[in-house]
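Taking it in order: structure first as structure tokens, then the write-up.
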Amino acid sequence: MKPYNHADIEKKWQKYWESKKIFRASEDVKKKKFYGLIEFPYPSGDGLHVGHIRSNTAMDIISHKRRMEGWNVLYPIGWDAFGLPTENYAIKTGIQPAVVTKNNTDTFRKQLKALGFSFDWSREVNTSDPTYYKWTQWIFLQLLKKGLAYKKKMAINWCPKDLIGLANEEVIDGNCERCGTPVVQKEKEQWMLAITKYADRLDKDLDSVDFLEKIKIQQRNWIGKSEGAEIDFHIANSDKKIKIFTTRPDTLFGVTFIVLSTGHELAKGIVIKEGEGIELKGVKAINPATKEEIPVWIADYVLADYGTGAIMAVPAHDERDADFAKKYGLPIKEIVLEDKKEMTSKYGKAVTKYKLRDWIFSRQRYWGEPIPVVHCDKCGIVPLPEKELPLKLPKVKNYRPTETGESPLAAISKWVNTKCPNCRGKARRETDTMPNWAGSSWYYLRYTDPKNKKAFAGEKNLKYWTPVDWYNGGMEHTTLHLLYSRFWHKFLFDLGCVSTSEPYQKRTSHGLILAAGGVKMSKSIGNVVNPDSIVKTVGADALRVYEMFMGPFDQHISWDENGIVGTRRFIEKVWNLQQKIQPNAGENEVLVNKTIKKVSEDIEEMKFNTAISSLMIMTNEFEKQEGVSRNNYSTLIQLLAPFAPHVCEEIWRSMGNKKSVFLSVWPTFDPDKIAESIARIMVQVNGKVRANFETTPEISEDKMKSTAMSLPEVMKWIEGKEIKKVIIVKGKLINIVI
Ligand code: ANZ
Ligand code: ZN
């Protein structure tokens, strides 16, 4: 047996897989398809982060398992390449962002390839490539046509020293990230996308998808659907009225005053101090239920852009109204609640409001998709004809936004001054660019047909691959990217371009990898782990296995150097077992069947750490045996292959197999072989079932007790409580009495 040389093995099989196109996906209608997706990386100058490796490996494992189960798998990769860091780097160095991006993607590609991910590299996309953003611009034009893209005066973050508009992420504690000057708000016309038109469907359709509950909750809260009523309060001695929004029409008899937001039209020109209120003197509103005249106040606890920007105050039932009433000596009236429905139909109109706001869709920056419209004095805003797409970014000398706050594109008169496509008269190009969320809103569609020149993707390919079957990504994208792309997808669905109304059937999320000590990895602290050096010293397989073993996948976890040493040793053990293969060794049926079951189920539930630990147990058991059957060892290699692809491919082939281990069939287990060896223990707290776990029927009472008490679902109930009694029915049930 050769010694385990990870460097040679890893290079060898990476080359082999690529040349044999093993992981290329095809639109094979005879096969069932699986589309697994990870969030494509932003190719920053820092190179690949160990966090990328964690999420990529997870979906790689799932993709491999699916392939071995006979599915036709698409696992694509690309670059979310427009964005601020690249642009800021260009400002600093003068190097063109396109060049910076090329260098960075080259580095990322090399790093990802060195980890052996089974991406279909032939489908690589890059959002900053004109052949890609042509279609981002095309989708924008469709939104414009349908009235879903519009211009509105909005406040932007403005640094009065640097004279530039700042993105939200460049404002740190209210100050400019570059110079520390307090940021002010500057009014500017912005492009907006009317995502609020889809608020109802974005909320409701969450019922039809398999997203983690916490993801659904976050999206629902963000959309903020609220069912209530609008009620008119007439102004005494005037034909004017104030429309309010309430979720509590049942409290109408307890209304003792009205509060307007500072942005309300009746409050125009009135300035108030933060946190304070002022009465709108000489104006009284009439409570439609009691006919009483009540005062009208202005205060900033009422938001201008929610509901109607005005409320009916019920200090007896609402805390903020109560605080306000006490502060300004306003009456508090106790009442009996009425029936909500009745009150709504008698005084108001039933309405649904959303917290969601329209999406600000322009930036005064260079490195983004140019918005494909021109401004004509005669015709107004005129979209570019589709045949003129892509509208390419011109080269500029200076990447800094201009001193008026316009994008650097505004300074290139040759590019800006153009002809109106409508009247052929003089016109100016739009100089705003799209935000970095544009290209990522539809990239998963482009993967299905990345080279298509006639459409963003062909109908057949879209129909075959969509929806994405499983999308894993960061929790931080729940209310931005994930929501934005659901919106675009629904819009494309309405246009008839895609055949499903949701882009992603399933969405899961990973925890972050932190530096040792639980702090964020950052260049300035110098605690960033460099994957390249780990791949070099212990190998990509050891790194992959470590990242899957380091802790529960959905939790944040700190880096631990020693852990890598441990996983490397595990891989060496598996390697050395080759010596133990004996033609006449017995089969360890119970262990093998149990491990197949455990690993198969754990992968589906993203419990990669426990899957690996059962493979470690299997390996240790094999080590103790006098010999290992070829059959049993093959199973170990197949189960481990998705985690540690290179070393398993090497072993598999040196066992005489002619084809890749990934073309072999995923092992299945025989339930009869393990039936008697598994017991499911119910865990009760005070007689109520709170959890259960699987074990062997022979488990000792002590072990039953300690296992039950260490389950998080149980700990929650017993923590800090005195345990009075523990009742055990061996092999069946444990009841903890507190
Ligand atoms: C009377 C009332 C009585 C209210 C009561 C609440 C409790 P959600 O669920 O968030 O939609 N509200 C309405 N518009 C507002 C605005 N622009 N700024 C701040 N508050 C506003 O909350 C709806 C409730 O928030 C509304 O119902 C209104 O106060 C207030 F016992 O009306 B309620
Ligand atoms: Zn014109």
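The values are calculated or read from the model by the stated rules, or taken from the named source; none is laboratory data. The shown structure was predicted, so the numbers you read here are calculated from the model rather than taken from an experiment. As a convention, Cβ positions derive from the backbone with ideal geometry for all residues, glycine included, and neighbour counts pool all protein chains shown.
Selection of first residues in segment 662-673 that are surrounded by fewer than 12 Cβ atoms within 10 Å (Cβ to Cβ) and of second residues that are in a helix (DSSP H, G or I), restricted to Cβ pairs under 9 Å at least 6 apart or on distinct chains, gives the following pairs, ordered by first then second residue: VAL665/MET68; VAL665/GLN638; THR668/ILE596; THR668/SER600; PRO671/ASN593; PRO671/LYS597; ASP672/ASN593. Of the strands (runs of 3 or more DSSP E) lying entirely inside segment 348-402, those containing at least 1 residues that are of a type in the set (Gly, Ala, Ser) and over 18 Å from PRO97 (Cα atoms) span 348-353, 380-383. Applying the selection to segment 321-332, what residues are farther than 17 Å from VAL296 by Cβ and surrounded by 14 or more Cβ atoms within 10 Å (Cβ to Cβ)? Passing the criteria: ALA322, ILE332. Figure legend. Inter-residue proximity from segment 368-392: first residues within 16 Å of ligand 1 (Cβ to nearest atom), second residues in a loop (DSSP other than H, G, I, E, B), beta-carbon distance below 6 Å, spacing 6+ or different chains. No pairs are indicated. Among residues of segment 51-73 that are more than 17 Å from LYS33 (Cβ to Cβ) and modelled with pLDDT of 95 or more, those with a beta-carbon under 7 Å from a residue that is among the β-branched types (Val, Ile, Thr) and outside any helix (DSSP H, G or I) at least six positions away or on a different chain give the pairs ARG54/ILE513; SER55/ILE38; ASN56/ILE38. Tell me yes or no: at least one residue of segment 643-657 is without any contact (Cβ under 8 Å) to a residue 24 or more places away in the chain and loosely packed, with under 15 Cβ neighbours inside 10 Å. Yes, there is a match, as at least one residue in segment 643-657 is without any contact (Cβ under 8 Å) to a residue 24 or more places away in the chain and loosely packed, with under 15 Cβ neighbours inside 10 Å.
Within segment 142-156, the set of residues being surrounded by 18 or more Cβ atoms within 10 Å (Cβ to Cβ) and closer than 20 Å to TYR366 by Cα comprises just one member, ILE156.
LYS355 meets the conditions (1) within 30 Å of ARG178 (Cβ to Cβ); (2) away from ligand 2 (no atom under 12 Å from the Cβ); (3) in contact (Cβ under 8 Å) with a residue 40 or more places away in the chain in every case but one. The failed one is (1). Scan segment 527-570 for residues that are under 18 Å from VAL647 (Cα atoms), of a type in the set (Ser, Thr, Tyr) and without any contact (Cβ under 8 Å) to a residue 12 or more places away in the chain and the total you get is 1. Listed by position, the strands (runs of 3 or more DSSP E) contained in segment 406-513 that have at least 1 residues being in contact with an Asp or Glu (Cβ under 6 Å, 6 or more places away or on another chain) and among the small types (Gly, Ala, Ser) are 470-473.
Selection within segment 40-61: residues that are β-branched (Val, Ile, Thr) and buried (at least 22 other Cβ atoms within 10 Å of the Cβ). The member of this set that is nearest to PRO531 (Cα to Cα) is ILE53. Of all residues in segment 1-24, those that are in a loop (DSSP other than H, G, I, E, B) and crowded, with 21+ Cβ neighbours inside 10 Å total 1. For beta carbons closer than 9 Å, sequence separation of 6+ or different chains, a first residue in segment 245-264 that is free of Cβ contacts under 8 Å to residues at least 40 places away in the same chain and a second that is buried (at least 21 other Cβ atoms within 10 Å of the Cβ), the qualifying pairs are THR247/ALA229. The one condition from (1) surrounded by fewer than 20 Cβ atoms within 10 Å (Cβ to Cβ); (2) outside any loop (DSSP other than H, G, I, E, B); (3) within 12 Å of ligand 1 (Cβ to nearest atom); (4) aliphatic (A, V, I, L, M) that LEU303 does not meet is (2).
Residue count for segment 515-526 satisfying the condition of being surrounded by fewer than 17 Cβ atoms within 10 Å (Cβ to Cβ) and either touching a helix residue (DSSP H, G or I) at 6+ places or on another chain (Cβ under 6 Å) or touching a residue at least 40 places away in the same chain (Cβ under 8 Å) (or both): 4.
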